[in-house]
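All remarks here apply to the structure that follows.
The values are calculated or read from the model by the stated rules, or taken from the named source; none is laboratory data. Just so we're clear, the structure is a prediction, and the values are computed from it rather than from any experiment. Every residue, glycine among them, receives a Cβ derived from its backbone with ideal geometry; neighbour counts consider all protein chains shown. Only protein heavy atoms, including side chains, enter the accessible area calculation; ligands, DNA and RNA are left aside. Shrake-Rupley method; radii C 1.70, N 1.55, O 1.52, S 1.80 Å.
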Amino acid sequence: MAESWSFLDTVESNFSFFFLIELAKGTKEETIAWFTKRIVDKKADGGAQLLIKPLVTENGHENIYLVGASHLRLLLGAETVGLVKECNDNSMRTFTYSSRKTFKDFADDNHNFLTIAECQYIIKHELDNLRAKNERMIPGYPQAKLYPGKSIVRRLLTSGILVQIFPLHDREELKKLRHSWYGRVRVGYQPLDDIRCYFGETIALYFGFLEYFTFALIPMAVIGIPYYVFAWEDYDKYVMFATFNLLWSTVILEVWKRICAILTYRWGTLLMKRQFEEPRPGFHGVLGINPVTGREEPVYSSIKRQLRIYLVSLPFVCLCLYFSLYVMMIYFDLEQWALDYHEENESNFSSLMLYVPSIIYAVVIEIMNRIYRYAAEFLTSWENHRLESSYQNHLILKVLVFNFLNCFASLFYIAFVLFDMKLLRQSLATLLITSQILNQFAESLLPYWLQKRHSKRMKQRTCSQKTDMDLSLAEQVNMEKEMGTYLGTFDDYLELFLQFGYVSLFSCVYPLAAVFAVLNNITEIYSDALKMCRVYKRPFAEPTANIGVWQVIF
């Protein structure tokens, strides 16, 4: 391995750019020189041994840099991060540079041996592991403290010196993916392998689960249609459908575990060793010694964290749950008012008014869910969790408890307190359909329209310029750096979780719930694909072996 790193110095710098780094305007020259030097320095000297060049636009140098690596550097990085690849004997093994000839499809001139997502992950890993040696501060910024072992990129981000870092889109590969993914409306499976190669396993598994869940809903939809058409009102109808619901919801989750394992084994992430988890960027505390690694890093008392959780966060969540129940009771008062108004007038207008309280309540639920999400993120960040996984688990717990009560409490109340099956059916239909429309608008249509308008302005601004390759790259960078940031699959899985709740818990009362869920998910596949390719910056590729805590939650 050491010989390989030495040989890296002698090869030509034939490389591709994968990442864009934007530094704040007015960043001091000594800071830029120090940071770029650390990126290109040899691994033995504490550098990342990557390649970097400034992007020069018509306005001159704008503190924007492109980071990449040669093919050999990426192969050595693949061994460092422990990528698992298929061998010539069809087994899956951890890649090593010394035994590279034993791996399937490997050739010295085959630059497609590593996927784009894998290349991106390798470079991101090297940048994240670019650590301070003996520096006690970022050169030029005495207030930005460093300590041995601190991630330089994370410190630059929290100090505001580094504005953003994100992977650039590969226009040729993205064009191919868009054509095979959503370029034409057709009935068929998604190109999950292509999605994985471009966006990574985390994104690919989400779309795989979305596709699988949509197909799994079809039997429920097929059985639900005759139930709804014939409008059977006898007790046996509900028992039979509820029994099928119970079996269906159990079986599909178990089958998904197998499908997920098949996919991730083929992709190599099922056998991939987990990387040691570093402290999250927002974690702060007094400097101390980590008893596991022996490195100097911030230390924060777990007692203080528990006090914040149980004395502040927990009471706040309980208060929000109480407020949600209070809003629910106002909704029932409105339902009673609408029913009384209909009994007095019995007109077409009064019949429509019966649906108004449910529609208003559905809109209020969505607004409350989104406001609470911001509050939950603030509280979870304030709790100062050391690891990103711990932060995510506490955030998911807070959000799920509130969303579950906010979305389902009224339905449980109608079913088990009021015993009003007609009102339950009406409320379920209104809540399900309204939430689906609002989610499609807020998550896909609105961001797409805003991005379309921004792209139009950018094209008008650059229409008189030349179209050579460098200028095209500059235009691409200017467009992508203004795009919104994709915040991960949290909201997407949460939407599917609530949909799964509506269908598995209450579709025996409203059999068309599965039908509307299928229709929504078909449009969701296309809108989410459009969102990933056209609306947001390209997200960081992250290897994963499953859908994580969401499997347990479902």
For PHE490 and LYS422, extending 7 Å from Cα along the Cα-Cβ vector and measuring point to point gives, in nm, a value of 4.3 nm
Whole-number percent relative contact order across the stretch 36-104, with pairs defined as alpha carbons under 8 Å at least 6 apart:
18 percent
Taking square-rooted eigenvalues a ≥ b ≥ c of the alpha carbon gyration tensor, is the stretch 17-168 rounded, prolate or oblate, where a/c under 1.5 means rounded and, failing that, a/b exceeding b/c means prolate?
prolate
Convex hull over the alpha-carbon atoms of the chain: what's its volume per residue in Å³?
190 Å³
List nothing, just return the count: lysine pairs in the stretch 59-167, 8 or more apart or interchain, with Cα separation under 19 Å.
5
With Cα coordinates, the longest principal axis of the chain makes an angle with the long axis of helix 171-181, in degrees rounded to 10, of 30 degrees
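In percent, how large is the relative contact order of the stretch 17-168, given Cα pairs closer than 8 Å and 6 or more residues apart?
28 percent
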Hey, can you rank 139-148, 78-87 by average C-beta count inside 10 Å, highest first?
78-87, 139-148
For the ASP193, ASN112 Cβ pair and Förster radius 22 Å, calculated FRET efficiency rounded to 0.05 is 0.95
Using 7 Å Cα-to-Cβ label points, what is the ILE330/ILE522 separation (nm, one decimal)?
3.8 nm
Hey, what D do you get for the stretch 268-347 in µm²/s if you plug the Kirkwood alpha-carbon radius into Stokes-Einstein at 20 °C and 1.002 mPa s?
116 µm²/s
Quick one: check the C-alpha center-to-center distance for the stretch 49-115 versus the stretch 18-40, whole angstrom.
22 Å
Antiparallel as a % of all DSSP beta bridges within the chain, to the nearest 5?
95 percent
If you average 1/r across every pair of different Cα atoms in the stretch 223-304 and take the reciprocal, what Kirkwood value do you get, in Å?
18.7 Å
Which aspartates and glutamates, if any, have their Cα less than 20 Å from the Cα of LYS37, not counting same-chain residues under 8 positions apart?
ASP9, GLU12, GLU22, GLU29, ASP45, GLU62, GLU126, ASP128, GLU135
Residue separation times 0.36 nm, minus the C-alpha to C-alpha distance between MET92 and VAL356: what's the value?
89.3 nm
Bin width 5 Å, origin at 0, all Cα-Cα pairs of the stretch 80-215: what percent of pairs per bin?
2, 8, 13, 15, 13, 14, 12, 10, 7, 4, 2, 1
Could you state the angle between the C-alpha long axis of helix 116-128 and the longest principal axis of the C-alpha atoms of the chain, as a value from 0 to 90 degrees rounded to the nearest 10?
70 degrees
Quick check on the chain: helices-only [θ] at 222 nm, where DSSP H runs of length 4 and up contribute -39,500 (n - 2.57) each and the sum goes over total residues. Nearest 500, please.
-19000 deg cm²/dmol
Order the peptides 117-127, 516-526 from the highest to the lowest mean number of other Cβ atoms within 10 Å of their residues.
117-127, 516-526
Which angle from 0 to 90°, rounded to the nearest 10, does the C-alpha axis of helix 235-267 make with the longest principal axis of the chain?
10 degrees
If contacts are Cα pairs under 8 angstrom and at least 6 residues apart, what is the relative contact order of the chain in percent?
19 percent
Straight distance only, please: which lysines reach the Cα of LYS422 with their own Cα at less than 17 Å, same-chain residues fewer than 8 apart left out?
LYS237
On full extension of the chain, what length is gained from ASN129 through LYS53, given 0.36 nm per residue of separation minus the C-alpha to C-alpha distance?
25.4 nm
Rounded to the nearest 20 debye, dipole of the chain from Cβ charges on Lys, Arg, Asp, Glu
1520 debye
Carbon/sulfur fraction of accessible area - the chain, other protein chains in place, 1.4 Å, %
62 percent
Compute the accessible area per residue over the chain, keeping the other protein chains in place, probe 1.4 Å, unit Å².
50 Å²
